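Below is one structure, written out as structure tokens; comments come after it.
Derivation of every value follows stated rules applied to the coordinates shown; laboratory data play no part. Quantities reported herein were computed from a predicted structural model and do not represent experimental measurements.
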Amino acid sequence: MKNLFDVFLSSKSTMKLFLLVVLVFIITVHGNPLNRKCTCKAVSNTVHFPFHSWDISSCKLCSCKDAAMVKCEEACKAMVQSYALTGCGKVIKGSKVKYSWDASSCSDGVSKIEYTCA
């Protein structure tokens, strides 16, 4: 009877280890679906040096089809457009900026549109 119990425990431990490996694999491949966030940066138009950054939105247990991830680029564009219209903080007047966004593993990139700091 003791041998049967040991076999049961070892198979249960093996199952737990297998589930842990699968969970780690999913998080690694899909960019942590447990906690996704949309970040935005105003970057220089040439070397993409970041001038300012914002955390736009985040969601827990959401997919890439969630509004927080789908609208990330659009929200970032509006944020950097406003940033440029208000003078870009301490950046030299007339500097050109672009927006850079990262929606976890859903989408990311740097815009082709340039905004001139007022």
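Spelling out what I want: for every residue of region 97-103, take phi, set θ = phi - 60°, compute 6.51 cos²θ - 1.76 cosθ + 1.60 (Karplus), and round to whole Hz; glycine and proline get x.
Computed from phi, the couplings for region 97-103 are 10, 10, 10, 10, 10, 9, 10 Hz.
Among the listed pairs Lys90/Lys112; Lys37/Lys71; Lys41/Lys65; Lys37/Lys90, which have their C-alpha atoms separated by more than 19 angstrom in this model? Let's see the in-between values first.
On the way: Lys90/Lys112 23 Å; Lys37/Lys71 12 Å; Lys41/Lys65 22 Å; Lys37/Lys90 27 Å.
The answer is Lys90/Lys112; Lys41/Lys65; Lys37/Lys90.
List every residue whose amide H lies under 5 Å from the amide H of Cys88, counting only residues 5 or more places away in sequence or on a different chain, with H placed 1.01 Å from N in the peptide plane.
It is Ala118, by chain and number.
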